[in-house]
1. Got a sec? Charge dipole of region 191-270, +1 on Cβ for Lys and Arg, -1 for Asp and Glu; which of LEU263, LEU252, VAL233 is way out at the positive end?
2. Report, in debye and to the nearest 20, how large the dipole of region 262-320 comes out about its Cα centre when Lys and Arg carry +1 and Asp and Glu carry -1 on their Cβ.
3. Need one word for region 6-60: rounded, prolate or oblate. Basis is the Cα gyration tensor (sqrt eigenvalues a ≥ b ≥ c); a/c below 1.5 gives rounded, then a/b vs b/c decides.
4. Please report, in whole Å³, the volume per residue of the convex hull around the C-alpha atoms of region 141-299.
5. Mind checking the dipole of the chain: about its Cα centre, +1 per Lys or Arg Cβ, -1 per Asp or Glu Cβ, Debye to the nearest 20?
6. About the Cα centre of region 152-263, what is the dipole size in debye to 20, counting +1 per Lys and Arg Cβ and -1 per Asp and Glu Cβ, all else neutral?
7. For q = 0.13 Å⁻¹, what log10 I(q)/I(0) does the chain give under the Debye formula with an equal point scatterer on each alpha carbon and no solvent?
8. Once the cut-off is 16 Å, how many percent of the Cα-Cα pairs in region 128-235 end up in the long-distance tail?
Amino acid sequence: MKANGHLPTFNLKAVVQETGLKPDTLRAWERRYGLPKPKRTDGGHRLYSQRDIDILKWLTSRQHDGMSISRAINLWHQLEAEGRNPLAMSEFTDEVPSTLPPVYTGGEKTKELTMAWVDACLAFDEQKSEQILNQAFALYSPEVVCFEVLQTALTEIGEAWHRGQITVQQEHFASALALRKLEGLVSASPPPSRSGRFLVGCAPHEEHTFNSLLVTFLLRRHGWEALYLGADVPADRIEETVNQIKPQLVILSAQQLHTAATLREVALILQAANVPLAYGGLVFNLWPAIRRRIPGYFLGERLDLIPQAVDKLLKGVQEVPAEEPLEEFWRVALDGFRQHRATIEALVWRAYEQHDSVTYNYVSSACAALARNIEAGLELGNVEYVGTNLGWIKGLFVDKSLTTEELVVFLKIYRQAVNDQMAKAGQPIVAWLADLLKSKNEA
């Protein structure tokens, strides 16, 4: 199809053929998220523009990266609010273009297998879940099963857990089954057939291992020697490890804001040791500006294209991207927060002491969760990276059973403590918390 800009030209059938999305999916996205926004004929039929189609393709590409549709749409709106056109951004595709079609594709059958596997996992039916995966591997390549069944299913299950629709036990059960299957694939990989030794793992404190394990599998399938270090790679031992193994490249992933900050710590150590780092993960897709604070190669938003990105790095002589200095505004806030954090948390607990229903452990875990994310946001260049709505913030807490009202009370107490202790240096945090509390009706 040729581009027609904003002119409403294509009917629903044409859009389905062009994007591969089902009509029900298109209607649901329009109803729930208001994106895209097709025009209507006099008879009430939808008419889509070329831009609408491009938006849909952009959203499905983000889903293929592992984002939920809600997060993909939030990212779209965030970029537009910043005055950037997501469709024209090369920032998303530093190494390889994300607009390329998926490398590993199955078909409608993979969707059926995915839903069946999800249902089996939620029912704790291990035997049935194994039978479904065995059927998938019999029909498709391991890459197709990993991306279109396991990754898609884990994303859906994770989102259901964040929404409170399933238990943490169900989520852990499914993750354990998926990781066990993927570990088997890595172990069964053939010996290296080409030069290139890589270390692959997760940033310090990062426990989400599926993506880094999948990267290890892909690199091995492409003939490289990829050594998997697992979850929570400690920063204080990384230099000793690279000196022993002497890799051409260290590849780390971070899915959360606070682990993006710990990844930066490792990046600085590796930079001093003259060892190149490549990295990726969901948080860098949600907040592209964070990449400017990491002295390393961003591998792109798509896991399926990481082997191509690595190959490009090996073939070309490229300087490691430099770290962008932290603005004075954020540096002052970061130094002040680190200095006063313990006192702030003591003031919060003092405010709760008269509440018999609130335990010290509750307040302590809530303070720790919020503080580590505030500190990470400040270190990476903007406290708003922590989040801008209560629903998102609630997901950061260990105890997700707390009500919106309880969360509002906690944030108000915390804001007052920051204001009392940090004065002017704490204003970025105080202002962010004030904006966050305004979003109460959106939680």
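FYI, it's all coordinate maths here, none of it is from the lab. Model, not experiment: these values are computed from the prediction. Counting neighbours? That spans all protein chains shown, and the Cβs are built from the backbone with ideal geometry, glycine included.
1. LEU252
2. Working: 7 positive and 5 negative charges, 29 e Å.
With Lys and Arg at +1 and Asp and Glu at -1, about 140 debye.
3. Numbers: a/c = 1.39, a/b = 1.22, b/c = 1.14.
Note, shape of region 6-60 comes out rounded.
4. Details: hull volume 17.8 nm³, N = 159.
With only Cα atoms used, region 141-299 gives 112 Å³ per residue.
5. 1060
6. Numbers: 9 positive and 11 negative charges, 103 e Å.
Roughly 500 debye, rounded to the nearest 20.
7. For the requested q values the scattering log ratios are -1.32.
8. On the way: 3569 of 5778 pairs.
The share of Cα pairs beyond 16 Å in region 128-235 comes to 62 percent.
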